[in-house]
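Worksheet: one structure, shown below.
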Amino acid sequence: MCGIMGYIGRSDAVPVIIDGLSRLEYRGYDSAGIVVYRPGMTASLDTMKRKGRLAELIDNLQDFPGSTLGIGHTRWATHGVPSDRNAHPHSDCSGRIAVVHNGIIENYASLRKQLILEGHDFVSETDTEVIAHLVEKYYHHSLEAAVRQTLAVVHGSFALAAIHQDEPDKIIVAKKDSPLIIGLGEGENYVASDIPAILGRTTRVYILDDNEFAVVKADEVVITDLIGDPVDKSVFTVTWDPISAEKGGYEHFMLKEIHEQPEAIRATLRGTAVNGRVDFSHLGMDDVFQKIRKIFIVACGTAYHAGLVGRVAIEKLARVPVETDIASEFRYREILWNPDDLMIVISQSGETADTKAALQEAKRQGIKVLAVTNVVGSAIAREADQVIYTHAGPEIAVASTKAYTTQLIVMYLLALYLADVRGTMNKQELQHLYSDLLYTDTLAEQVLSEEGEIKALAHKYAHVQSTFFLGRSFDYAVAMEGALKLKEISYIHAEAYAAGELKHGPLALIDNGVPVLALITQDGLVEKTMSNIKEVKARGAVVVAICKNNLQEACQECDEQILLPDINPILAPIIGVMPLQIFAYYMAVMRGLDVDKPRNLAKSVTVE
């Protein structure tokens, strides 16, 4: 959420910064801005910022000065409405200092009040502007020292970059609870919120940890902690292919990423087994796995839905009690911790603020934490005891698809390994289920080949304003993800219910012509689910069944069918979600919406 891009070096900073910000658009934003240093006899910092998309800013940059130093930002409103004046960068009273900032300054109100009493004039409603005025207050010929003093009095989260008109040879950056990286070039360096911003410019980066501070010059980067003690930092080498972050001929990133799922499944499965059985012994957690009394799976949004599938799979295969919690709620519960508990956190970005806070609380309680994430070197990956990486590659569209699917793969792998370590399944059963898992990439390709039929179905229902999703067991978790996808990008009201809950309230919402998408992949629950489908049909609903080929006859009473290849019902969520992703995509396209950047949403939620 929000994006930072900065440059210092030999080239014109403006196109570099704009290009970086464009690569961060997936994070979500409602305004954008840039500030650069204009050299000369009347040296100054020149700022341009605009409410709306990055294109609005670009349209106003024709006469903007060239510079070799600058910082830019895409803002997602927290304090103050989206507007030109609330957009970043923010300046001090003199206009000699400029700051961009992600995060939240929790004590900004009291600091702002004190600064106003001291004579500072504020022009925005943001918490970030406090930082610029504090730097002004503490500035005595050293931007580095002024920023350090500022960070000593602010409370909250921050990834920030600051420049000063009188010190045009440096960018000062610092990080706490919001992601920030430094890209290393030859005679030029970059600062950014995330690695995609610098793809194609450098593969060498410093990934800053919490409470780290850096002075970034064109030919030097010095990293310390917040009080100035040196930090020994390793360079991280990015292995992503820059081309993989482009659309590759697809109309939208989301459609491209939907079609990348078979390869993402293969990449995540690669190298996970020895002699036909899952092998996670390299985690060094076998003793923990054998003694587990309870597992807490904690995540947000789509990752939470992956956790729901993981819960059912782990309880079924490994016979361990599992709770799945929304991270923003979990952190405020009074948990009855046991030393033999395990927390599993799931986050695509590895920077999700609420998930990270839950992880940190578990660590404070002495609980082991296993992370599942797509981003090497992310905060959650670094802070967990161990990490299992999904190998989805860069996911640009805000609505997650391939990242979710690879999270499911990891959940199944983990369930199989736990079952093996704990002895709850025999070797033959484990090998058979793992073999089925290895075949899911092929089954995924079969589902994606039916895109045309699903597109036609979306065309038929693109006018509706309300939909419902039903399922039982694994299917209920998938129904929740399908409803989320539809509401995220098409803005159609979509609710998911456990099919058995219809009579307990939701049935009152069913009316003539309301589409109900019903997942039917659990062989042992077909009769139960069909009885619920008859209930909604009797109230006038139109039912679209997502069912396996072998269950087609049982689903004949449904109005429409999307057929899935036959698959072990335990693994059905992996392919069952794909028609729902495609359906949501085409519903949004046919309504003329911005599929990759839905309104009000961000890819990576790095504030509470």
- Filter result for GLY248 (at positive phi and either at pLDDT 85 or above or among the polar types (S, T, N, Q) (or both)): no
- Condition check for ARG23: open to solvent by 10 Å² or more (accessible area, probe 1.4 Å) and either acidic (Asp, Glu) or in contact (Cβ under 8 Å) with a residue 60 or more places away in the chain (or both): yes
- Item | Hits in segment 352-406 - residues which are acidic (Asp, Glu) and under 16 Å from the mean Cα position of the chain (by Cα) | ASP354, GLU395
- Note on the structure: Residue hits (segment 168-197; outside any loop (DSSP other than H, G, I, E, B), open to solvent by 20 Å² or more (accessible area, probe 1.4 Å) and modelled with pLDDT under 95) are LYS176, ASP177
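Results for (1) assigned to a loop (DSSP other than H, G, I, E, B); (2) open to solvent by 60 Å² or more (accessible area, probe 1.4 Å), shown as yes or no for each residue.
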site: ILE223; (1), (2): no, no
site: ASP232; (1), (2): yes, yes
site: LYS247; (1), (2): yes, yes
site: GLU251; (1), (2): yes, yes
site: GLU257; (1), (2): no, no
site: THR268; (1), (2): no, no
site: HIS282; (1), (2): no, yes
site: ASP287; (1), (2): no, yes
site: ILE297; (1), (2): no, no
- Item | Residue tally, condition in contact (Cβ under 8 Å) with a residue 12 or more places away in the chain and either at positive phi or out of contact with any Leu (no Cβ under 9 Å at 6 or more places or on another chain) (or both), over segment 364-378 | 8
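Rundown of residues vs (1) assigned to a helix (DSSP H, G or I); (2) of a type in the set (A, V, I, L, M, F, W, C); (3) within 19 Å of SER473 (Cβ to Cβ); (4) in contact with an Asp or Glu (Cβ under 7 Å, 6 or more places away or on another chain), yes/no style:
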| position | (1), (2), (3), (4) |
| --- | --- |
| GLU557 | no, no, no, no |
| GLN561 | no, no, no, no |
| ASP566 | no, no, yes, no |
| ILE570 | yes, yes, yes, no |
| MET578 | yes, yes, yes, no |
| GLN581 | yes, no, no, no |
| TYR586 | yes, no, no, no |
| GLY592 | no, no, no, no |
| PRO598 | no, no, no, yes |
- Among (1) under 23 Å from LEU21 (Cα atoms); (2) buried (at least 17 other Cβ atoms within 10 Å of the Cβ); (3) acidic (Asp, Glu), where does ASP84 come up short? (2)
- Of all residues in segment 96-118 being in a loop (DSSP other than H, G, I, E, B) and under 13 Å from ILE131 (Cα atoms), which is most open to solvent (accessible area, probe 1.4 Å)? GLU106
- Task: Assess whether ALA602 counts as being touching a strand residue (DSSP E or B) at 6+ places or on another chain (Cβ under 8 Å) and either modelled with pLDDT under 90 or buried (at least 24 other Cβ atoms within 10 Å of the Cβ) (or both).
- Result: no
- Task: Scan segment 119-148 for residues that are farther than 20 Å from MET5 by Cβ, open to solvent by less than 10 Å² (accessible area, probe 1.4 Å), not acidic (Asp, Glu) and not in a helix (DSSP H, G or I) and jot them down.
- Result: SER124
- Item | Residue selected from segment 48-59 under the condition open to solvent by 60 Å² or more (accessible area, probe 1.4 Å) and either touching a strand residue (DSSP E or B) at 6+ places or on another chain (Cβ under 8 Å) or acidic (Asp, Glu) (or both), by the criterion farthest from VAL14 (Cα to Cα) | LYS51
- Item | Within segment 304-331, considering residues that are among the charged types (D, E, K, R), within 23 Å of the chain's Cα centre (by Cα) and within 30 Å of ASN426 (Cβ to Cβ), the one least open to solvent (accessible area, probe 1.4 Å) | GLU323
- Is it fair to say ALA218 is under 18 Å from HIS73 (Cβ atoms) and more than 20 Å from the chain's Cα centre (by Cα)? no
- Task: Please verify whether segment 198-210 includes one or more residues that are open to solvent by 10 Å² or more (accessible area, probe 1.4 Å) and within 18 Å of ILE104 (Cα to Cα).
- Result: yes
- For ILE297, all conditions in the list (1) out of contact with any helix residue (DSSP H, G or I) (no Cβ under 6 Å at 6 or more places or on another chain); (2) within 28 Å of SER400 (Cβ to Cβ) hold save one; what is the number of the exception? (1)
- Item | All positions within segment 568-586 that are surrounded by 24 or more Cβ atoms within 10 Å (Cβ to Cβ), over 17 Å from GLU257 (Cβ atoms) and of a type outside the set (Gly, Ala, Ser) | PRO573
- Across segment 306-329, what is the total count of residues that are outside any strand (DSSP E or B) and out of contact with any Phe, Trp or Tyr (no Cβ under 7 Å at 6 or more places or on another chain)? 15
- Item | Residues located in segment 191-209, provided they are over 19 Å from the mean Cα position of the chain (by Cα) and under 16 Å from ASN102 (Cβ atoms) | VAL191
- Leading residue by the ranking (surrounded by the fewest Cβ atoms within 10 Å (Cβ to Cβ)) among those in segment 332-363 that are assigned to a helix (DSSP H, G or I) and free of Cβ contacts under 8 Å to residues at least 40 places away in the same chain: LYS363
- State yes or no: is ILE227 at pLDDT 90 or above, of a type outside the set (Asp, Glu) and open to solvent by 30 Å² or more (accessible area, probe 1.4 Å)? yes
- Message: For segment 368-392: of the residues being open to solvent by less than 10 Å² (accessible area, probe 1.4 Å) and in a helix (DSSP H, G or I), which is farthest from ILE195 (Cα to Cα)?
- Response: ILE380
- Note on the structure: Condition set in a loop (DSSP other than H, G, I, E, B) and in contact (Cβ under 8 Å) with a residue 40 or more places away in the chain, scope segment 32-47, selection surrounded by the fewest Cβ atoms within 10 Å (Cβ to Cβ): answer is ALA43
- Query: Quick check: anything in segment 498-513 modelled with pLDDT of 85 or more and under 18 Å from VAL464 (Cα atoms)?
  - Reply: no
- Could you tell me whether any residue of segment 149-167 is under 29 Å from the mean Cα position of the chain (by Cα), open to solvent by 10 Å² or more (accessible area, probe 1.4 Å) and touching a residue at least 60 places away in the same chain (Cβ under 8 Å)? yes
- Message: Against the condition assigned to a helix (DSSP H, G or I) and either of a type in the set (A, V, I, L, M, F, W, C) or buried (at least 22 other Cβ atoms within 10 Å of the Cβ) (or both), how does ALA214 come out, does it pass?
- Response: no
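The values are calculated or read from the model by the stated rules, or taken from the named source; none is laboratory data. These numbers were taken from a predicted model, which means no experiment stands behind them. Glycine gets a Cβ as well: all are built from the backbone with ideal geometry, and neighbour counts include every protein chain shown. Ligands, DNA and RNA are excluded from the accessible area calculation, which covers all protein heavy atoms including side chains. Shrake-Rupley method; radii C 1.70, N 1.55, O 1.52, S 1.80 Å.
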